[in-house]
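Just below is one structure, and these are the notes that go with it.
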Amino acid sequence: MRQCVFAAGRGKTGAVPKGAVSLLKFWGFGNSPPANDSSEQYTCARKSFPLISSLHIIAIFICLPIMTNTSAQANDEFAEQYKAYQQYMKSASAAFQKKDYASAITNYSKVIEMSPFEVSNYYNRGIAYFKSGKEKEAEGDFGRVIIMDPRMSSAYVYRGLCRQKLQKYNDALNDYTKALELQPNDAAIHNNIAYLYVSANDESFRNKVKALEHAKKAAELSNEKNAEILDTLARAYFINGEVKEAIEMENRAIKLEPYNDEFKGRLKEYEKAINPSL
């Protein structure tokens, strides 16, 4: 088999340097003929393979270190970006734990800008927005969480809370209903639905029968150990005309949270319904 050679200057020939072989093959030069083929079509004459000048070879070896340096520089930049990402994440988490929600929102926003497809970052920023009274922004973040993880029941609950605050009652009910499909024995979700039915500003949306149904279920699932749930149940009893039961449940709620002035105020309202002189 004839050795494959390339022209190297005017009238001279020489073998291709080993370091350039892979690049030359990548560019389509210097493919070897079959071992059992001695035909002239595989010779290294001009008819078979392009000629590489010495300038081409030099160019290859000039480019190689440049490409290597560029790759190293890109790795350095990536490392710096990741370091910044970790710092923003650490700051966001620390601020969230301290309930410094404004700082948490700022840092989570930086994190999301750098890595926009992490569910937990949208979820935590959504809570920070909600706790800051920014229900519209929180609603958007929980919507993104649901897109990425449609089986996260708590995201539906939080979006439902946001929509309830925004008086989007039907949308809120849809979110609570979806959450309940995912977690049918969650007392808090039943309580949210009951509270939505008793407290909505839209009278046409309220439903005292369904409110009592969900409030009873929430109390049952929580073993009547949750003061907020007992308070909701008391309200549901009251709007259904069952005032004595409302007073009993409100007293139980106060027993669990004796310093809750809102509970005490509602208890007085219920007691006055029986005895207006109080």
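The values are calculated or read from the model by the stated rules, or taken from the named source; none is laboratory data. Please read all numbers here as calculations on a predicted model, not as lab measurements. Cβ sites come from the backbone with ideal geometry, for glycine too, and all protein chains shown count toward neighbours.
The number of residues in segment 79-99 that are within 15 Å of residue 131 (Cβ to Cβ) and surrounded by fewer than 15 Cβ atoms within 10 Å (Cβ to Cβ) comes to 3. Which helices (runs of 4 or more DSSP H) sit wholly inside segment 189-278 and have at least 1 residues that are β-branched (Val, Ile, Thr) and more than 39 Å from the chain's Cα centre (by Cα)? Hits in segment 189-278: 227-239, 243-256, 261-274.
Suppose the filter is assigned to a loop (DSSP other than H, G, I, E, B) and at pLDDT 95 or above; does residue 151 pass it? Here the answer is yes, as residue 151 does meet what is asked. Residue 225 satisfies every condition listed in (1) under 25 Å from residue 153 (Cβ atoms); (2) crowded, with 20+ Cβ neighbours inside 10 Å; (3) not hydrophobic (A, V, I, L, M, F, W, C) except (2).
The conditions of being farther than 30 Å from residue 202 by Cα, touching a residue at least 24 places away in the same chain (Cβ under 8 Å) and hydroxyl-bearing (Ser, Thr, Tyr) are met by residue 85. Across segment 173-195, the qualifying residues are those that are among the hydrophobic types (A, V, I, L, M, F, W, C) and surrounded by fewer than 24 Cβ atoms within 10 Å (Cβ to Cβ), and the one among them that is farthest from residue 241 (Cα to Cα) is 182. Residues that are surrounded by fewer than 10 Cβ atoms within 10 Å (Cβ to Cβ), in a helix (DSSP H, G or I) and without any contact (Cβ under 8 Å) to a residue 60 or more places away in the chain do not occur anywhere in segment 114-129. In summary, residue 207 fulfils each of the numbered conditions (1) touching a residue at least 12 places away in the same chain (Cβ under 8 Å); (2) surrounded by 16 or more Cβ atoms within 10 Å (Cβ to Cβ); (3) not small (Gly, Ala, Ser) with the single exception of condition (1). A single member of 175, 171 is under 25 Å from the mean Cα position of the chain (by Cα) and without any contact (Cβ under 8 Å) to a residue 12 or more places away in the chain, and it is 171. What is the one condition in (1) over 15 Å from residue 164 (Cα atoms); (2) out of contact with any helix residue (DSSP H, G or I) (no Cβ under 6 Å at 6 or more places or on another chain); (3) among the acidic types (Asp, Glu) that residue 245 does not satisfy? The one condition residue 245 does not meet is (2).
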